[in-house]
Amino acid sequence: MTNSSTTPGFSCSRHEGVVRIQLTRVEQHNRIDPADLAGLRETIESAANDETSIALVVTGTGTTTFSSGYTLSELAAGNIDDSFESFLNELEACPLPAVCALNGSVYGGATDLALCCDVRIGIEGTRMFMPAARIGLHYYPDGMRRYVRELGLAQAKRLFLTGMTLDAPEMLRIGFLTELVQPEQLSSRTAEYIDALRACVPNTVRSMKRQLTAIAEGDATLSADRTAYERSLQSPVIAQRIKQRRA
């Protein structure tokens with residue numbers, strides 16, 4: 001069954017357990033406006049609370065830009081609150097594995113959006129940069145935390161303090177991208193990740209995502225928690241899956 005909805009800034013759909021968010025402001029480089037945030041947050045919350053969902057895909061429209069991030073006109077007018085940051089935090093905390101299919105270049109806050117996802121697939125010919133320092137914006141703390149966690153301190157400093165532009169091979173080298181493919185391969189490679197996730201046990205994927213993030217962020221309590229591991233050993237699912245693999 002497929003459910004879908006469309007707004008001026010994005011569309012969302014759900015098909016066979018996969019929730020897909022597609023940014024649609026092509027002429028504005030798929031920017032995200034304040035009016036989009038409530039719907040985006042609602043989509044994330046609904047997906048997170050649906051036990052039948054197995055994955056989240058975030059992508060853009062067109063062949064040039066994945067997204068230019070949050071609208072700069074609101075920033076210039078001094079109308080910025082924490083809504084965009086809250087949306088990204090909720091995406092980061094979503095228990096579903098999230099795949100970001102970057103259909104083009106990525107700038108500003110959209111780089112942080114990509115870093116909220118677990119897998120980032122980019123295409124040849126794209127670029128990225130973080131212009132915060134060039135426009136005099138001291139970036140919000142959670143965005144910088146994600147940069148350091150995902151890319152390391154040296155690369156986070158390089159990108160934030162200089163505003164330098166990186167090309168696709170360099171994005172792959174520093175770990176911003178999980179994979180780099182030809183444009184015509186983006187859809188099929190994304191589908192391969194979804195197929196791989198579909199073959200896994202959803203509850204196990206969710207619990208391991210949570211613990212892996214805790215390990216990366218130095219959460220000593222959750223990093224050492226053996227509860228989910230021990231519970232899985234007692235689950236009838238593991239015995240059934242092992243039996244199937246031996247058959």
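The values are calculated or read from the model by the stated rules, or taken from the named source; none is laboratory data. These numbers come from a predicted model, not from an experiment. Positions of Cβ are backbone-derived with ideal geometry, glycine not excepted, and every protein chain shown enters the neighbour counts.
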**Message:** Checking CYS200 against (1) under 18 Å from VAL119 (Cβ atoms); (2) assigned to a helix (DSSP H, G or I); (3) over 16 Å from the mean Cα position of the chain (by Cα); (4) not aromatic (Phe, Trp, Tyr), only one condition comes out false. Which one?
**Reply:** (2)
**Item:** Test result for ILE80, at pLDDT 95 or above and of a type in the set (A, V, I, L, M)
**Value:** no
**Message:** Any residue that is in a strand (DSSP E or B) and under 9 Å from the mean Cα position of the chain (by Cα) - is there at least one of those in segment 78-98?
**Reply:** yes
**Prompt:** Is there a residue in segment 104-115 that is of a type in the set (S, T, N, Q), assigned by TED's automatic domain parsing to the domain that holds GLY62 and assigned to a strand (DSSP E or B)?
**Reply:** yes
**Complete:** Considering residues that are assigned to a loop (DSSP other than H, G, I, E, B) and either under 22 Å from the mean Cα position of the chain (by Cα) or assigned by TED's automatic domain parsing to the domain that holds VAL148 (or both), the number found within segment 204-246 is 3
**Fill in**
Only unsatisfied item for LEU172, checking (1) outside any strand (DSSP E or B); (2) under 23 Å from GLU217 (Cβ atoms); (3) within 17 Å of the chain's Cα centre (by Cα), is (2)
**Request:** Only residues that are small (Gly, Ala, Ser) and more than 19 Å from LEU88 (Cβ to Cβ): list them for segment 12-37, please.
**Result:** SER13, GLY17
**Request:** Scan segment 31-40 for residues that are within 14 Å of SER5 (Cβ to Cβ), surrounded by fewer than 22 Cβ atoms within 10 Å (Cβ to Cβ) and within 17 Å of the chain's Cα centre (by Cα) and jot them down.
**Result:** GLY39
**Asked** For MET128, which of the numbered conditions (1) over 14 Å from the mean Cα position of the chain (by Cα); (2) closer than 15 Å to VAL57 by Cα; (3) aliphatic (A, V, I, L, M) fails to hold?
**Response** (2)
**Request:** Among what's in segment 175-194 and is surrounded by 14 or more Cβ atoms within 10 Å (Cβ to Cβ) and under 15 Å from the mean Cα position of the chain (by Cα), pick the residue that is nearest to GLY109 (Cα to Cα).
**Result:** PHE176
**Tally of residues being under 30 Å from ARG226 (Cβ atoms) and free of Cβ contacts under 8 Å to residues at least 12 places away in the same chain across segment 154-199** = 2
**Item:** Tally, over segment 94-135, of residues that are in contact (Cβ under 8 Å) with a residue 40 or more places away in the chain and surrounded by fewer than 17 Cβ atoms within 10 Å (Cβ to Cβ)
**Value:** 4
**Request:** Answer with yes or no whether THR52 is surrounded by fewer than 16 Cβ atoms within 10 Å (Cβ to Cβ), of a type outside the set (Asp, Glu), touching a residue at least 24 places away in the same chain (Cβ under 8 Å) and in contact with a strand residue (DSSP E or B) (Cβ under 8 Å, 6 or more places away or on another chain).
**Result:** no
